[in-house]
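Have a look at the structure below, then the notes.
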Amino acid sequence: MAEELDKVDVVVVGTGWAGGIVSAELAKAGKNVVALEKGEEKIRSDYIGVKDELRFDNRYDIMQNLKGDTVTSRNEIDETAMPIRSPQTMQIGIDTGGASVHWAGATYRYWPYEFEMRTQTIDRYGEEKIPDEMNLQDWGITYEEMEPYYEMWEDTAGIGGEQDPLAPERNKPWPNPPMKETPSLKLFKDAASNLGLHPYQLAAGNMTENYENPDGEQLNACMYCSYCTRHGCDFDAKSDPIATVVKTAKRHDNFELRHKANARRVLYDEDENRATGVLYVDENSGEEFEQPADVVVLAAFAFSNNRLLMLSDIGEQYDPETEEGTLGRNFNGQYNHAFHGATGFFENEKFNLYMGAGALGATLSDYAADNFDHSDLDFIGGGAIELRQYGFAAISSSNNVPEGTPGWGKEYKDTSLHYAYRTLTIWYTANAMSYSHNYVDLDPNYSDQYGDPLLRVTYKFGDNERNIAQFGIERCTEIMEEMGADIVEPGSVPDEFNHSYTGGHYTGGVVMGDDPETSVVNSYLQMWDVDNLFVVGGSAFPQHGGHHPTPTIGALAYRAAEGIQMYMDEVEGQLVQANSRRRSV
Amino acid sequence: MAEHDNKGKEKVFSRRDFLKTSGVAAGGIVGGAMFGGVVGSLYQSDEGTQTAETETDTEGASSEGEVLDDARTYFSRGEDFETLSAATEKIYPEDDNGPGAIELGVPYFIDRQCSHFWGRNSREYMMGPFDYTAAETHGIQSKMTRAETLLFGVRRMLEISREEHDDDFANLDEDTQINILESFESGDVDITGVRSEDFFALLRNMTIQGVYADPVYGGNRDYGGWRMIEFPGPRMGWGNDIESEDFQVIDPEGLRTYQGGGM
Ligand SMILES: Cc1cc2nc3c(=O)[nH]c(=O)nc-3n(C[C@H](O)[C@H](O)[C@H](O)COP(=O)(O)OP(=O)(O)OC[C@H]3O[C@@H](n4cnc5c(N)ncnc54)[C@H](O)[C@@H]3O)c2cc1C
Ligand code: SF4
């Protein structure tokens, strides 16, 4: 039997940006907060002196051990889903700070168009532009409403950047200046400018100067050490929850963080329609605990957010046959249709590509969102075109060979040594849409270490994904040619989703909106059916924007934290009714 | 936004305490500050120079230069290990650029990785039902661990060499060895429980990783892999060089140096 613990005000599941922000804000507001983190305690010293490509980039040391649980995956409703067994193809964040520690730091806001994608697409192109099976939805919130929350997150995270010439004018500058410009980035920018495009320096979560955030947390200037994405930072120079929000929360006696606390159920009182707490297992001792709370917050990444609701029988499971139910509906993400473009091989240039930082890059928005006319295009949406200089170590650099080169043997060795630092890739960070045939539910065949069913993803591309990928490849190829590469290799459009979950941009299933018929949470990420349950993270995205997701996850977490305080202190029941936002029928 | 203003007021901790415990001087990081003394002293001079070079090359070696940790702890049969070694050398051969897989210690790297969590698949979801043919679309699906896959794949190579060419794989001429490897690569060989192309991809990737991983894992001996690919290994950072127009060739240093050279 589970041991029942003393009740607290708020229990938060997860310590990434989503859970960390909610924990910090509520701890600051004086609430008694317990955060449950499935993984181990990690502190800065865990990441000092461990710059090791094999360990982190090839053995995925920082990712969740899949032994106990993973996700199953299929394309079609009538297929048997297979479990994704290896971290080579399933990378989920774990431990203090989750994936928000090993993220790269590339920072974008979503566009005004993207928050009202359905309305604005119809206004501009007519309803027939939207394919039947595409569940295109507005977010139930506008860019103008999101902007203050974006600012809060950017200030906390100390983002360094410059104004995107095509984006809405910022209310105030980025908290830090942009990163350094390297020769390869300059080459990209010059070529893009020659083509009449509007390149700028990618905004970064790698500090460009020593910085103190509004909570008083101190971050240090980035060293451009290159062991950044998939690694933790040695220097408190990458903005992550360990350096910021988790640290802030921990300064308060009314906050407690429990590690190795694997949440298995949201405790739920059906008669009262209330969440009453969380059931979790201590992964060290195997003991079970019930943590009662007035408010329950799930911030455990898109997979766990969906699965915990399903296992707890909260919400109505989506059924693709009848198209009824909302939980698990509109599961989406930037899978293998995004991040295609063109690779260039340069005979006369050799770049210092082993130097870099996670978000060191140049980018442009000419083909983002609805910044270009889609009347004659066979897709909607867009994305950025980026060149990144992550800093590539030796194993990764040994992959840089032109097509047609053998993968091993004499010719491979000679060619790979030649091109290791003569190879640049640019890509398109394309939008990802949601469709009636894509969703998540519980798997009937595979279970976790406790016998609970795994989450099952059913996902296949729509034409929009293939067509937007093709468009991106063409635009990237033009830029790479202008950059003067001797060999230009356009990427190729994948036929189908390949069950690879390596980029961390998986979203939806518990989506936000203004209509309970097509969304699970309101614009404060409060569940429509259960007033004291908030589900925070990318799980709320109705479709995936044409950029990396994290700033929007951070901004939504600040909004949710504000909503939770309003719910606890001022408003009973649904916050959005109280705010009388429009509700469709 | 009201909430935004509130954030700044809620400082209940002392900033001085924080600075004291974080070990960061107000002016920012000087080389090595985050590490304390040991590493700091190694890096205080120019990051690109070779302050620690002399002590690293002999580590792990006996007085005669024999590498004491070159011994098998996973592959029990010598003939399997010889087959493995010969195969890695075909995948990454010695040439004018420099050493091949054997000289770089790659077979021992692979042997050790087989006993590592990676070889034992101890971070993989290993509950059934299994269908190894689903690897075509769904990544690794074999019930066998990576270590078993390598062992049985290598044995199958040896078996084919003996059946079809009357000799051990390691003794065959180069073209025959390459042909056999190619038949595995193209999926033409039956191995119980795993597709031969999956075995080959594993062998190929482990070989390349052994060439280029930090020497602490047993391959990339003497930084031979890194020297060929002109990779300098981990450093505090490249802030001073990253804008440079010229490619910087810097003598490699590994984790051991980065961590301050051991106890
Ligand atoms: C290699 C990589 C690079 C990336 N780079 C970028 C980038 O440059 N820009 C960008 O915008 N995004 C990037 N991302 C995405 C980014 O990492 C995520 O969007 C972000 O971290 C999500 O934050 P989160 O708080 O929702 O989830 P996480 O940070 O993953 O936090 C979730 C936490 O919940 C815990 N948890 C899960 N289940 C349970 C349970 N049952 N009980 C208790 N705890 C649980 C997990 O252990 C984890 O700590 C990257 C992702 C990857 C993988
Ligand atoms: S590149 Fe910068 S932010 Fe990234 S890990 Fe290195 S020092 Fe930290």
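Looking at A:GLY105, is it on the phi > 0 side of the Ramachandran plot and at pLDDT 95 or above? Yes. Residues considered: B:ALA86, B:ALA135. Of these, the only one that is touching a Phe, Trp or Tyr at 6+ places or on another chain (Cβ under 6 Å) and more than 9 Å from chain A (Cβ to nearest Cβ) is B:ALA86.
Residues that are open to solvent by 30 Å² or more (accessible area, probe 1.4 Å) and more than 14 Å from chain A (Cβ to nearest Cβ) within region B:138-150 comprise just one, B:GLU148. Across region B:212-224, the qualifying residues are those that are surrounded by fewer than 24 Cβ atoms within 10 Å (Cβ to Cβ) and within 9 Å of chain A (Cβ to nearest Cβ), and the one among them that is farthest from the chain's Cα centre (by Cα) is B:VAL216. Filtering region B:194-217 for residues that are on the phi > 0 side of the Ramachandran plot and in contact (Cβ under 8 Å) with a residue 24 or more places away in the chain leaves an empty set. Report yes if A:ASN532 is farther than 21 Å from A:ASN135 by Cα, among the polar types (S, T, N, Q) and open to solvent by less than 20 Å² (accessible area, probe 1.4 Å), otherwise no. Yes.
Of the helices (runs of 4 or more DSSP H) that lie entirely inside region A:71-143, those containing 2 or more residues that are under 21 Å from the mean Cα position of the chain (by Cα) span A:99-102, A:112-115.
Residues of region A:230-258 that are away from ligand 1 (no atom under 14 Å from the Cβ) and in contact with a helix residue (DSSP H, G or I) (Cβ under 7 Å, 6 or more places away or on another chain): A:ASP234, A:PHE235, A:ASP236, A:THR248, A:HIS252, A:ASN254, A:PHE255.
When A:ILE48 is tested against (1) touching a helix residue (DSSP H, G or I) at 6+ places or on another chain (Cβ under 8 Å); (2) within 16 Å of ligand 1 (Cβ to nearest atom); (3) open to solvent by 10 Å² or more (accessible area, probe 1.4 Å); (4) not basic (Lys, Arg), just one condition goes unmet, and that condition is (2).
Pairing residues of region A:389-412 that are touching a residue at least 12 places away in the same chain (Cβ under 8 Å) with residues that are charged (D, E, K, R) and surrounded by 22 or more Cβ atoms within 10 Å (Cβ to Cβ), at Cβ distances under 6 Å and at least 6 apart in sequence or on separate chains, gives A:ALA393/A:GLU53; A:ILE395/A:GLU53.
For every residue, the table says whether it meets (1) part of a helix (DSSP H, G or I); (2) within 11 Å of chain A (Cβ to nearest Cβ).
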residue: B:ASN179; (1), (2): yes, no
residue: B:SER183; (1), (2): yes, no
residue: B:PHE199; (1), (2): yes, no
residue: B:ASN205; (1), (2): yes, yes
residue: B:GLY210; (1), (2): yes, yes
residue: B:ARG227; (1), (2): yes, yes
residue: B:GLY262; (1), (2): no, no
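If the condition is being crowded, with 23+ Cβ neighbours inside 10 Å and part of a loop (DSSP other than H, G, I, E, B), then region B:94-117 contributes B:ALA101, B:LEU104, B:GLY105. For region B:158-176, does any single residue satisfy the condition of being within 14 Å of chain A (Cβ to nearest Cβ) and on the phi > 0 side of the Ramachandran plot? For region B:158-176, residues within 14 Å of chain A (Cβ to nearest Cβ) and on the phi > 0 side of the Ramachandran plot: absent. Selection of region A:87-109 for residues being surrounded by fewer than 23 Cβ atoms within 10 Å (Cβ to Cβ) and within 9 Å of chain B (Cβ to nearest Cβ) yields A:GLN88, A:THR89. The residue of region A:16-45 that is most open to solvent (accessible area, probe 1.4 Å), among those that are within 12 Å of chain B (Cβ to nearest Cβ) and outside any loop (DSSP other than H, G, I, E, B), is A:SER45. If the condition is being in contact (Cβ under 8 Å) with a residue 60 or more places away in the chain and more than 15 Å from the chain's Cα centre (by Cα), then region B:82-102 contributes B:GLU82, B:THR83, B:LEU84, B:SER85, B:ALA86, B:ALA87, B:LYS90, B:ILE91, B:ASN97, B:GLY98, B:PRO99. For the condition within 14 Å of another protein chain (Cβ to nearest Cβ) and either within 11 Å of ligand 1 (Cβ to nearest atom) or farther than 30 Å from A:ALA35 by Cα (or both), A:GLU116 does not qualify. A single entry from A:GLU144, A:GLU169, A:GLU151 fulfils the requirement of being away from ligand 2 (no atom under 16 Å from the Cβ), under 30 Å from A:TYR227 (Cα atoms) and either open to solvent by less than 10 Å² (accessible area, probe 1.4 Å) or at pLDDT 95 or above (or both): A:GLU151. Applying the set (1) within 25 Å of A:ALA299 (Cβ to Cβ); (2) within 13 Å of ligand 1 (Cβ to nearest atom); (3) more than 19 Å from the chain's Cα centre (by Cα) to A:TYR227 leaves exactly one unmet item: (1). Of all residues in region B:163-182, those that are at pLDDT 95 or above have Cβ atoms under 8 Å from Cβ atoms of residues that are loosely packed, with under 15 Cβ neighbours inside 10 Å, 6 or more apart or on another chain, in B:ASP168/B:ARG162.
Checking each residue in region B:123-137 for being surrounded by fewer than 18 Cβ atoms within 10 Å (Cβ to Cβ) and among the aromatic types (Phe, Trp, Tyr) picks out only B:PHE130. Residues in region A:231-253 that are open to solvent by 10 Å² or more (accessible area, probe 1.4 Å) and either within 10 Å of ligand 2 (Cβ to nearest atom) or within 10 Å of chain B (Cβ to nearest Cβ) (or both): A:CYS233, A:ASP236, A:LYS247, A:LYS250, A:ARG251, A:HIS252, A:ASP253.
The values are calculated or read from the model by the stated rules, or taken from the named source; none is laboratory data. Remember, predicted model here, so these are calculated numbers, not experimental data. Please note: Cβ atoms are built from the backbone with ideal geometry, for glycine as well, and neighbour counts cover all protein chains shown. Accessible surface areas use protein heavy atoms only, side chains included; no ligands, DNA or RNA. Shrake-Rupley method; radii C 1.70, N 1.55, O 1.52, S 1.80 Å.
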